[in-house]
Each structure stands twice: as structure tokens, then as C-alpha cells.
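These notes concern the structure reproduced below.
The values are calculated or read from the model by the stated rules, or taken from the named source; none is laboratory data. Predicted model only: the values in this text are computed from it and were never measured. Cβ placement follows ideal geometry from the backbone for every residue including glycine, while neighbour counts extend to all protein chains displayed.
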Amino acid sequence: MTASTPVSYKDTLNLLQTAFGMRANAKVREPELQALWAELDLYERLSQDNPGPVFTLHDGPPYANGALHVGHALNKILKDIINKTALLQGKRARFVPGWDCHGLPIELKVLQGLKAEERASLTPLALREKAHAYALEQVELQKAGFERWGIWADWDQPYLTLHKSYEAAQIGVFGQMVLAGHIYRGLKPVHWSPSSRTALAEAELEYPDGHVSPSVYAAFPVVELPAALASQLGDAARDLAVAIWTTTPWTLPANLAVSVNATLDYCVCATGQGRHLLVAAELRSSLESTLGMTLTPVLQVKGCDLEGIVYRHPLLERTSEVVIGGDYITTESGTGLVHTAPGHGVDDFNTGRKYNLKVLCPVDEAGNLTAEAGPFAGLNVLKDANGAIITALREVGALLAEAPYEHRYPYDWRTKKPTIFRATEQWFASVEGFRDAALQSIAAVEWLPASGRNRIEAMVRERGDWCISRQRTWGVPIPVFYHRTTGEVLLNAATLSHIQQLFAEHGSDVWWQRDEAALLPAPYAAEAEQWRKGTDTMDVWFDSGSSWAGVVKERGLNYPADLYLEGSDQHRGWFQSSLLTSVAVNGHAPYKRVLTHGFTLDEKGRKMSKSLGNVIDPAVLVEGGKNEKQDPPYGADVLRLWVSSVDYSADVPLGPGIVKQLADVYRKVRNTARYLLGNLHDFVPERDAVPYEQLPLLDQWMLQRTAALINSVTGDFERYEFYRFFQALQNFCVVDLSNVYLDIAKDRLYVSGADDVRRRSCQTVLQLVLERLAGLIAPVLCHMAEDIWQNLPYAVAERSVFERGWPSAPEAWRRPELEPPMNQILELRALVNRQLESCRAGGSLGASLEAQVQLELGVDAAAAGSSDALQAALDWLQSSAHPATDNLADWLLVSHLQIGGAFAGEVLSEAVEAGVRVRVAKASGSKCERCWHYEGDIGSSSAHPSLCGRCVAVLEQP
Ligand SMILES: [Zn+2]
């Protein structure tokens with residue numbers, strides 16, 4: 001032994017060198033990469049200069065109110081994955097993001113922020129100004145969140161439904177529907193507040209405890225029976241009445257029908273006073289006590305058999321009929337027969353539509369009964385009308401019972417007074433006029449999943465006309481004028497195009513800023529004093545439903561759009577409103593394909609809610625919480641990885657456990673990439689790359705696996721099945737790369753001389769795989785992919801991974817014939833690994849390189865087939881032109897391998913599987929201090945007495 005410092009042979013190995021960190025440091029690094037994209041003008045250039053066709057995924061506008069939640073993340077990241085894939089594939093995928101800015105929630109938000117006196121003195125214009133400012137504020141907040149997630153879009157030119165150009169385009173859509181005869185004015189019951197003389201939206205109602213209504217049971221005398229029923233009833237048909245129950249006696253003057261449920265059982269009962277009453281069979285006995293009379297069943301019939309009974313109104317000179325209502329008629333209370341006043345209830349209105357009943361509404365704005373209410377005219381429905389009507393019922397013998405009734409009842413949130421249902425004039429789109437065209441258009445669209453088609457088809461087939469007017473201030477006005485004396489409507493091509501131009505120039509505020517003279521076009525302006533501008537605004541679904549005109553056509557994108565992608569509730573919402581307007585105006589759907597996703601739930605399948613404490617805030621997931629130990633900053637890529645991992649065709653879970661698993665997968669992919677990068681630090685492709693045909697079998701197999709991955713992932717992205725990509729990516733990184741190729745490659749990469757073809761060929765493969773891996777993950781893990789690209793240790797032509805384009809594999813790489821023999825050997829490798837593992841567990845062996853292995857094939861006649869297959873695989877390996885790499889001992893990570901023959905060592909472990917005997921023994925020779933192989937030639941060099949001949953040769957290279 002000499003006293004000199006021993007040489008550290010570790011320094012003579014080719015170790016990893018890369019600045020690409022093991023940890024993402026996402027909070028810092030992701031914004032840096034986003035800044036790089038901005039500097040390169042990447043999205044703008046690709047989306048405009050790409051050589052391929054225009055691809056239009058049209059953004060459904062989120063509502064401009066509130067913080068972003070994971071539902072937003074699922075939606076926008078799915079869209080971004082699709083757009084980034086399209087950009088990589090050379091398409092011009094411009095994504096114009098949108099916001100829905102009008103409507104009640106924002107109006108209420110503004111009103112709630114005001115003091116009572118401010119609210120009282122608020123002009124419509126002042127309210128609109130505040131709502132406008134609020135919406136823009138919210139848009140900026142949400143936009144910043146979307147950008148942080150790495151979403152690419154026209155962020156500087158989003159579409160807002162409050163933009164002038166958008167409002168003008170929307171008026172254009174409305175105008176074309178008017179001119180085509182699809183828009184009409186009609187009555188519809190709405191929540192009405194007599195105390196503030198206005199219609200109210202659901203959100204403006206409150207339901208205080210303790211509201212008591214005067215409920216009455218009343219008998220409406222039958223005057224005519226359908227023949228079949230008459231013959232069944234015989235004598236019981238005499239003095240028959242239908243029994244109804246109501247908590248709003250003031251609506252009785254508006255009664256135009258009595259509705260029954262077709263599927264319920266009803267019975268005609270004798271009352272013992274010579275009278276017969278018709279009630280629901282299930283309620284008969286409870287009604288006996290409520291009404292204080294015996295009800296002896298005479299005949300039981302189905303509700304559907306009651307249709308057509310004619311009864312006389314007990315208080316007014318008219319007759320009406322029994323009609324079939326719907327499932328809203330139950331036996332929970334009342335009589336099972338429902339007093340129907342189409343002007344005063346939504347169910348009544350809908351039933352009335354089926355039977356073409358008039359929308360009678362004998363109540364004025366203040367809640368006073370009108371002349372149409374006959375003797376009750378002038379009474380107030382919330383004050384004296386009920387009492388007078390109950391008295392009148394009693395006088396004519398129609399009152400069966402009366403009782404105070406406590407129930408939930410809507411009050412005006414501002415005046416704290418009760419509201420009523422009252423039919424008012426509203427604007428409708430007549431769906432009947434283009435229903436067939438809409439159904440045909442639905443059939444021409446590709447719905448993903450296919451069940452979406454049935455959903456929207458059923459909804460469009462069964463829906464009523466679309467009420468598009470709202471009595472609100474924060475919206476696009478319905479640009480109509482009413483004659484001050486006759487009420488005649490002024491709405492034609494001249495007024496529409498004039499208003500459209502005014503909106504395009506000034507925005508829809510102009511409707512409130514100017515008087516009629518300044519809003520009417522030339523021929524009408526002169527007679528402006530005769531006209532009064534309307535005060536209704538449009539349903540916000542009409543706003544967003546016009547986006548195909550306001551955005552897609554306006555910005556020169558594909559119309560119909562290639563894709564709409566939203567939550568599955570939009571069959572009822574945006575998919576439908578967009579379809580209806582587009583079909584009404586242009587006769588076809590605004591989209592070629594519609595993809596839907598489910599909703600986000602927690603890990604137990606529950607809704608996320610503050611009270612359950614199970615909300616995952618995407619901002620915290622990405623940027624970390626206050627306590628970063630507890631809530632680390634995982635980065636946008638982990639959020640994006642989650643989106644790619646879920647089968648979004650159903651509802652998707654997210655919770656802390658899932659986030660941890662995703663972070664693990666993220667780390668695996670990152671560390672795989674880091675390993676590839678770290679081993680390429682001295683690789684110059686032009687100088688060092690080995691041509692494909694000179695690569696060993698192992699390398700050619702790795703490239704075949706890569707080609708197969710590109711194939712499958714390309715298909716996964718085309719079918720929007722990102723979860724398959726997520727699985728394939730993990731499998732590729734963990735199994736093909738880490739467990740097999742890189743595991744075997746360690747010796748080639750570290751131990752061989754830097755310039756040895758054994759190492760250069762491996763580096764060639766690493767480079768080819770790495771660049772493609774970066775491309776394949778780029779749509780999902782966009783930051784990691786770019787980080788890889790920026791850390792490539794050799795020169796590349798493209799400044800960004802996104803400029804490289806979608807990965808492809810040369811035809812030569814596709815060698816599926818390499819897989820069967822390789823799979824044979826990998827199975828053998830697994831068998832040997834199990835033996836080595838059991839030796840390690842028993843303490844008889846340390847590292848696998850301490851082992852030598854003997855194989856004996858054909859030891860089990862019953863398994864001759866598999867043994868033959870392995871023999872063929874070994875022959876294949878044997879035939880390789882690159883024995884220094886295609887070497888079974890190296891592949892098994894043992895120091896020596898022997899096939900057949902006499903086995904010298906002391907057998908530590910032995911197993912027979914599939915006709916192969918595996919014996920493990922300690923390797924002979926001693927351990928090389930540099931490569932850790934056990935060799936017989938250690939010490940042959942005096943300069944390096946602890947090294948094997950191979951290592952000495954590496955060190956002594958010139
Ligand atoms: Zn060695």
C-alpha cells in the first residue's frame with residue numbers, strides 16, 4: 001500500500017450534468033417560461049402563420065363574476081390542450097376567449113354594494129356604468145388566472161358581450177329573426193311586485209317565515225260530461241261538481257280550466273247531501289275531515305278519462321273544461337284537481353298553451369282587479385279581493401271549506417311586501433317557426449359523447465317558445481318603440497339597422513342616453529313624440545347565443561366553428577341558445593362538433609362546498625397556500641396534468657390525495673426528462689449521432705417503442721381521450737424508459753469512454769426520444785416541455801418546443817418485429833430479477849452485479865413452446881452486430897451469464913419457470929472499483945490495480 005491519495009474513479013465516470021432541476025420550482029419557472037413565449041410572440045405567430053388550415057374552437061363565455069374555481073380549470077385547460085395540439089400540428093388555431101358580462105347577478109352585485117339612498121336615486125345609466133366597471137374588473141381577475149394556467153389565447157382582444165361591436169352583431173341577429181317573423185310579443189306570467197310595480201327575477205325574491213294565505217276548497221258545478229263517463233255515472237251525474245283548492249282566491253276570476261293528472265285515480269263521491277264531488281281517490285278520506293262531510297265513493301276513474309268535462313264558473317257567467325295538466329299535480333295537498341289560471345302561474349300557463357287557453361290576467365300593475373274580473377273590479381288582490389271572493393263563493397253555495405294556510409310565499413326583496421304571479425307582455429322567439437330546421441341541424445352535428453345528441457334533441461323537440469325579454473337595466477335593450485296611444489309596435493328593417501349602427505358606434509348605453517327623436521331613423525324621427533322606446537332588455541342567453549355572429553364571423557374564424565366544448569349542462573344553455581339563433585338566421589348549427597365534460601366533485605363524489613371544507617382552490621394548488629408546507633405550490637402543470645388524467649365524459653373527482661398522486665406522476669416524468677438531458681451534456685448531434693442502421697437492437701427497440709407511443713398518443717389527442725395519453729405517458733416513462741432502457745443503459749452511459757460508440761449510440765437514442773417526449777407532453781405539460789427545450793445542451797433550430805411541431809417518427813423506426821423477442825427477454829429479465837431479489841432479501845447477495853447467472857432452456861417438456869420462443873429470442877440477440885451493447889449479461893445487470901454447461905458457483909437460488917431454469921451464484925473474480933463489475937482481470941494494470949481491463953482501457957485512451 002502506498003501512502004498517496006487514492007484516485008477517485010467516480011470522477012472518471014460520465015456523470016449527469018444539467019441545469020434542469022429535479023424540482024420544478026414552478027412558482028418562479030412557469031412565469032419565466034410564459035414570459036419567453038410572450039417575447040417570442042409564439043401563440044400569435046403560430047396561430048396566424050402556421051401552414052395548415054384554420055381551426056376554430058369557439059370559447060363559451062364564463063360569467064364575469066367571482067373567483068376562478070376548478071370547474072373553470074377543467075373547461076379552459078381542456079380547450080387549451082386541444083388548441084395547443086392543433087397549433088403543434090400546424091393548424092391556425094386562434095382562440096378568442098370570451099366573457100358573458102350582462103345580466104342580473106352583476107346588476108344585483110352592484111345594487112347590493114350601494115346604500116339605500118344611493119340605490120333609490122340611481123339612474124339606469126349610472127347603474128349601467130357601475131355594472132360595466134364591475135364586469136371589466138372581474139374579467140381582468142379571471143383573465144390573470146387563466147393566463148397563469150398557461151392558457152394561450154387572444155388575451156389582448158377577448159370578446160366581451162358588452163363590447164359595442166358585439167352588441168351591434170347581437171342586434172343584427174335579433175333583427176334578422178324579427179324580419180324572418182320569428183319574434184313576437186305575448187303574455188306570460190312573471191313574478192310581479194304590486195308594491196314596486198315591476199317584474200322581479202327569482203334572485204330578487206325572499207321567502208320570509210310565517211306567511212299565511214286564506215285557502216279555500218270550492219265546488220265548480222259540472223254542466224256536461226263526456227258520453228262514456230256519463231253512461232258510467234248514471235244517477236251520480238246529477239248535481240256533480242269538481243272540487244278544487246286554492247291559496248289565492250283572488251285568482252278565481254281568472255280561472256279558465258281545472259287540470260287533472262292523467263295517471264292519478266279519481267273518484268266520484270256522494271256527499272250525503274244529495275250532491276256528488278269529484279276528488280282524487282287518495283285524498284278522499286282526508287278530505288272527509290277537512291270538508292266535514294262523508295264522501296262515499298260511487299265510481300273510480302283515471303284522470304285521463306276526465307278530460308272534456310264542462311263546468312260552470314261559480315262566480316262568473318262562463319263555462320270551462322277539465323284538462324290534462326302534468327306531473328305537477330299531486331296528492332300531497334288540495335283535491336288532486338287544480339284550479340288553472342294561465343295568467344297567474346307558470347304551470348297553468350304551460351297547460352294553457354297546450355289547450356290554447358287565453359292568458360287572462362284581470363289584474364293591473366298595482367294589483368287591482370280590472371273590469372275583466374266582473375263584480376270584483378277595483379278590489380286589490382293583496383288586500384280586499386280575497387275576502388270578497390270567499391264571501392261570494394259562500395253565497396252561491398260553492399264554498400266547501402276555508403282555512404288559513406301557512407306556506408312559503410315570495411316577497412319583494414326591496415319593499416318586503418308579497419308578490420304575485422301576473423301575466424305581462426313579453427317578447428318571444430317562436431321556436432315553432434324553426435323547430436324542424438333545428439332538429440335537422442342537430443342531426444348534422446357530431447356530438448361527443450353521442451348521448452349529448454339525444455339530450456339536446458329531446459329538449460329542442462319539447463321546448464316552448466323562448467321568452468327573450470327581461471325587465472332589467474344591465475343588458476342589451478330590445479330595440480323597439482311603442483305607439484304612445486295605440487301601443488302599436490315599431491320594429492322594422494329601417495329601425496333595426498339604424499339602432500344597430502348607433503350601437504356599433506356608441507354602445508347600447510345610447511338607448512338610455514338619447515330620446516326617441518335621436519334614436520329613430522329619418523322617416524320616423526319627425527314623429528318621434530308619438531313613440532316611446534321600450535325598457536326591456538334581452539335574456540343574457542340571447543347575448544351569449546349570438547357569439548357565432550359577434551365573434552366567430554366577426555373575427556374571420558370558421559363558421560360553423562370546428563368545436564364547441566362546455567359542461568354538459570349547456571345542452572340546456574349555450575349550446576341550445578347558439579343553435580336556435582344560428583338556425584333561425586342561417587339555417588344551420590353554429591358548430592360542427594360539440595364536446596361536453598362533466599362537473600368537478602371531491603374525492604368522495606360530493607359537490608365542493610365551503611361548508612364541507614372540501615374545496616380545492618386552483619389558485620392555491622398552483623401558487624401554494626399561506627402555509628407552503630401544507631399547501632405547496634404545485635404549479636400550473638400539475639393542474640393541467642389533472643385535467644388530462646380524468647375521464648371527463650362523467651363527473652370528475654379532485655382532492656388532496658389525487659393532487660399528491662399527480663405530483664408523483666409529474667415528478668416521474670420530470671426526472672425521466674432530467675436523466676435524458678443530463679446524459680446529453682457532451683453530445684453534439686452533428687458530430688456524435690449514430691445512424692439508425694448502425695444502432696444496436698436495444699436502441700432500435702427503444703425507437704420502435706417511441707414510434708408506437710407517438711402513434712397511440714396522436715390518436716388519443718385526435719379522439720380527445722387525454723386520460724389515455726396520461727396512462728401511456730406514465731407507462732413509457734416508468735416501464736420502457738426507467739425500468740428497461742435506462743436501467744440497462746447506465747453502464748453504457750457512465751462507464752464507457754465518453755466517445756465510445758456504445759455510449760454515443762445510446763445518447764443518439766436519448767436525444768431522439770427526449771425531443772419527441774417534449775413534443776408529446778407539450779399540449780398538457782406545456783411548461784415542462786418548454787423547460788426541457790430550453791435546457792437542451794446542444795443547438796436546435798427552433799427556439800421553442802412549439803415551433804418544432806407535433807412529433808413524428810421516421811418510417812424506419814417502425815419495427816414491430818423487434819417486440820416479440822424483446823418481450824421474451826424482458827420476461828426472462830423479470831424472472832432473474834425475482835431470483836436476485838430473493839437472494840438480496842436473504843442477505844446472500846448485494847448489488848445484482850455481484851451475481852452470475854446460469855440459464856438452462858428446455859428443462860420442462862410441457863413448456864417446450866415458451867422455451868423455444870426464448871431460444872429464438874436469444875438467437876436473435878446473439879446475431880446482433882453490436883455484441884458490446886446487445887449483451888444479455890448487461891441487460892440482466894449481472895457480471896456473468898452462462899447458458900447451459902456446468903455451473904461453477906455455489907448456487908444461491910434456483911427456479912424453473914416456463915421451461916427455463918435460472919441459477920444464481922456469487923460472481924467469481926473481484927469487484928472493479930470503477931464499474932463495480934466482478935471480473936477476473938482486476939489488477940492487471942499496475943497504474944490502476946483496482947480496475948478491470950475494460951476500465952483501464954477507458955482511462956488510458958489518448
Ligand atoms: Zn471496470
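Is it fair to say Arg119 is buried (at least 23 other Cβ atoms within 10 Å of the Cβ) and either modelled with pLDDT of 90 or more or not aliphatic (A, V, I, L, M) (or both)?
On the way: buried (at least 23 other Cβ atoms within 10 Å of the Cβ): no; either modelled with pLDDT of 90 or more or not aliphatic (A, V, I, L, M) (or both): yes.
No.
Kindly evaluate Ala528 against the criterion of being touching a residue at least 12 places away in the same chain (Cβ under 8 Å), more than 24 Å from Thr424 (Cα to Cα) and in contact with a Leu (Cβ under 6 Å, 6 or more places away or on another chain). Spell out the reasoning first.
Working: touching a residue at least 12 places away in the same chain (Cβ under 8 Å): yes; more than 24 Å from Thr424 (Cα to Cα): yes; in contact with a Leu (Cβ under 6 Å, 6 or more places away or on another chain): yes.
The answer is yes for Ala528.
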Seminar exercise, completed: Restricting region 860-896 to residues that are of a type in the set (Asp, Glu) and in contact (Cβ under 8 Å) with a residue 24 or more places away in the chain, the one surrounded by the fewest Cβ atoms within 10 Å (Cβ to Cβ) turns out to be Asp860
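Test of understanding: among Gly181, Gly150, which residue is in contact with a Cys (Cβ under 7 Å, 6 or more places away or on another chain) and assigned to a loop (DSSP other than H, G, I, E, B)?
Details: Gly181 fails: in contact with a Cys (Cβ under 7 Å, 6 or more places away or on another chain).
Every option except Gly150 fails the conditions.
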For this session: Could you list, in sequence order, all residues of region 732-745 that are surrounded by 15 or more Cβ atoms within 10 Å (Cβ to Cβ) and either out of contact with any helix residue (DSSP H, G or I) (no Cβ under 8 Å at 6 or more places or on another chain) or not charged (D, E, K, R) (or both)?
Result: Phe732, Cys733, Val734, Leu737, Ser738, Asn739, Val740, Tyr741, Leu742, Ile744, Ala745
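Residue by residue, here is whether (1) buried (at least 21 other Cβ atoms within 10 Å of the Cβ); (2) aliphatic (A, V, I, L, M); (3) modelled with pLDDT of 95 or more; (4) under 27 Å from the mean Cα position of the chain (by Cα) holds:
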position	(1), (2), (3), (4)
Val7	no, yes, no, no
Asp11	no, no, no, no
Leu15	no, yes, no, no
Asn50	no, no, yes, no
Pro53	no, no, yes, yes
His102	yes, no, yes, yes
For this session: Please give the number of the condition Leu580 fails out of (1) under 22 Å from the mean Cα position of the chain (by Cα); (2) closer than 17 Å to Pro97 by Cα; (3) surrounded by 22 or more Cβ atoms within 10 Å (Cβ to Cβ).
Result: (2)
For this session: Specify the residue that is surrounded by the most Cβ atoms within 10 Å (Cβ to Cβ); the eligible residues are those in region 915-935 that are part of a loop (DSSP other than H, G, I, E, B) and within 12 Å of the ligand (Cβ to nearest atom).
Result: Cys928
Exercise. Counting only residues that are surrounded by fewer than 18 Cβ atoms within 10 Å (Cβ to Cβ) and either farther than 27 Å from Asp347 by Cα or among the β-branched types (Val, Ile, Thr) (or both), how many does region 248-269 have?
Worked result: 1
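Please state which one of Val912, Val894, Val954 is over 23 Å from Asn739 (Cα atoms) and either part of a helix (DSSP H, G or I) or within 16 Å of the ligand (Cβ to nearest atom) (or both).
After ruling out the rest, the residue left standing is Val954.
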Exercise. Which number in (1) touching a helix residue (DSSP H, G or I) at 6+ places or on another chain (Cβ under 8 Å); (2) over 17 Å from Ala785 (Cα atoms); (3) of a type in the set (Val, Ile, Thr) marks the one condition that Thr706 misses?
Worked result: (2)
Problem set entry | Failed item, numbered, when Tyr720 is tested on (1) modelled with pLDDT of 95 or more; (2) more than 30 Å from Ala86 (Cβ to Cβ); (3) in a loop (DSSP other than H, G, I, E, B) | (2)
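Determine whether Ala689 is under 19 Å from Ala812 (Cα atoms) and within 32 Å of the chain's Cα centre (by Cα). Give the steps one after another, and end with the answer.
Working: under 19 Å from Ala812 (Cα atoms): yes; within 32 Å of the chain's Cα centre (by Cα): no.
In short, no.
Of the residues that make up region 897-909, is at least one of a type outside the set (Ser, Thr, Tyr), part of a loop (DSSP other than H, G, I, E, B) and within 14 Å of the ligand (Cβ to nearest atom)?
Of all residues in region 897-909, those of a type outside the set (Ser, Thr, Tyr) come to 897-908.
If we keep only those that are part of a loop (DSSP other than H, G, I, E, B) as well, we get 900-906.
Right, trim to within 14 Å of the ligand (Cβ to nearest atom) and you get none.
No: region 897-909 contains no residue that is of a type outside the set (Ser, Thr, Tyr), part of a loop (DSSP other than H, G, I, E, B) and within 14 Å of the ligand (Cβ to nearest atom).
Take region 218-265 and flag every residue that is polar (S, T, N, Q), over 24 Å from Ala377 (Cβ atoms) and assigned to a strand (DSSP E or B). First the steps, then the outcome.
In the first step, residues of region 218-265 are kept if they are polar (S, T, N, Q); the result is 231-232, 246-248, 251, 255, 259, 261, 263.
With the extra rule that they be over 24 Å from Ala377 (Cβ atoms), the set shrinks to 231-232, 259, 261, 263.
The one that is polar (S, T, N, Q), over 24 Å from Ala377 (Cβ atoms) and assigned to a strand (DSSP E or B): Ser259.
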Exercise. Are there any pairs, at least 6 apart or on different chains, whose C-beta atoms fall under 9 Å, with the first in region 368-380 and outside any helix (DSSP H, G or I) and the second of a type in the set (Phe, Trp, Tyr), and if so, which?
Worked result: Leu369/Trp250; Leu369/Phe376; Leu379/Trp250; Asn380/Trp250
Problem set entry | Every pair of residues 6+ apart whose Cβ atoms lie under 8 Å, when the first sits in region 430-450 and is farther than 13 Å from Arg593 by Cβ while the second is part of a loop (DSSP other than H, G, I, E, B) and basic (Lys, Arg) | Val431/Arg463
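Looking at Val757, Val751, Val769 in this structure, which one is crowded, with 19+ Cβ neighbours inside 10 Å and within 16 Å of the ligand (Cβ to nearest atom)? Lay out the reasoning, then the answer.
On the way: Val757 fails: within 16 Å of the ligand (Cβ to nearest atom); Val769 fails: within 16 Å of the ligand (Cβ to nearest atom).
Exactly one of Val757, Val751, Val769 is crowded, with 19+ Cβ neighbours inside 10 Å and within 16 Å of the ligand (Cβ to nearest atom), namely Val751.
Among the residues of region 122-133, write down those that are assigned to a helix (DSSP H, G or I), of a type outside the set (Gly, Ala, Ser) and either surrounded by 15 or more Cβ atoms within 10 Å (Cβ to Cβ) or touching a helix residue (DSSP H, G or I) at 6+ places or on another chain (Cβ under 8 Å) (or both).
First, pick out the residues of region 122-133 that are assigned to a helix (DSSP H, G or I): 124-133.
Okay, now just the ones that are also of a type outside the set (Gly, Ala, Ser), so 124-125, 127-130, 132.
Passing the criteria: Pro124, Leu125, Leu127, Arg128, Lys130, His132.
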Seminar exercise, completed: Among residues of region 612-631 being touching a residue at least 12 places away in the same chain (Cβ under 8 Å) and closer than 17 Å to Val28 by Cβ, the residue surrounded by the most Cβ atoms within 10 Å (Cβ to Cβ) is Leu621
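Considering only residues that are hydrophobic (A, V, I, L, M, F, W, C) and assigned to a loop (DSSP other than H, G, I, E, B), which ones fall in region 5-39? Outline the logic, then answer.
Kept after step one, since they are hydrophobic (A, V, I, L, M, F, W, C), are these residues of region 5-39: 7, 13, 15-16, 19-20, 22, 24, 26, 28, 33, 35-38.
Matches in region 5-39: Val7, Leu13, Leu15, Leu16, Ala19, Phe20, Met22, Ala24.
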Problem set entry | Failed condition for Ile77, given (1) assigned to a loop (DSSP other than H, G, I, E, B); (2) modelled with pLDDT of 95 or more | (1)
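Is it true that Ser333 is crowded, with 19+ Cβ neighbours inside 10 Å and of a type in the set (S, T, N, Q)?
On the way: crowded, with 19+ Cβ neighbours inside 10 Å: no; of a type in the set (S, T, N, Q): yes.
No: the conditions fail for Ser333.
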Exercise. Would you say Leu136 is farther than 30 Å from Val359 by Cβ, in a loop (DSSP other than H, G, I, E, B) and not acidic (Asp, Glu)?
Worked result: no
For this session: Among the numbered conditions (1) part of a loop (DSSP other than H, G, I, E, B); (2) among the small types (Gly, Ala, Ser); (3) touching a His at 6+ places or on another chain (Cβ under 9 Å), tell me where Gly550 comes up short.
Result: (1)
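Out of Leu857, Leu870, Leu874, I need the residue that is away from the ligand (no atom under 14 Å from the Cβ), at pLDDT 95 or above, closer than 28 Å to Gln700 by Cβ and touching a helix residue (DSSP H, G or I) at 6+ places or on another chain (Cβ under 8 Å). Which one? Before the answer, list the steps.
Working: Leu857 fails: at pLDDT 95 or above; Leu870 fails: at pLDDT 95 or above.
None of the others qualify; the one that does is Leu874.
Condition check ((1) among the acidic types (Asp, Glu); (2) surrounded by fewer than 19 Cβ atoms within 10 Å (Cβ to Cβ)) across all residues:
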| site | (1), (2) |
| --- | --- |
| Gly181 | no, yes |
| Tyr184 | no, yes |
| Lys188 | no, no |
| Trp192 | no, no |
| Glu206 | yes, yes |
| Ser213 | no, yes |
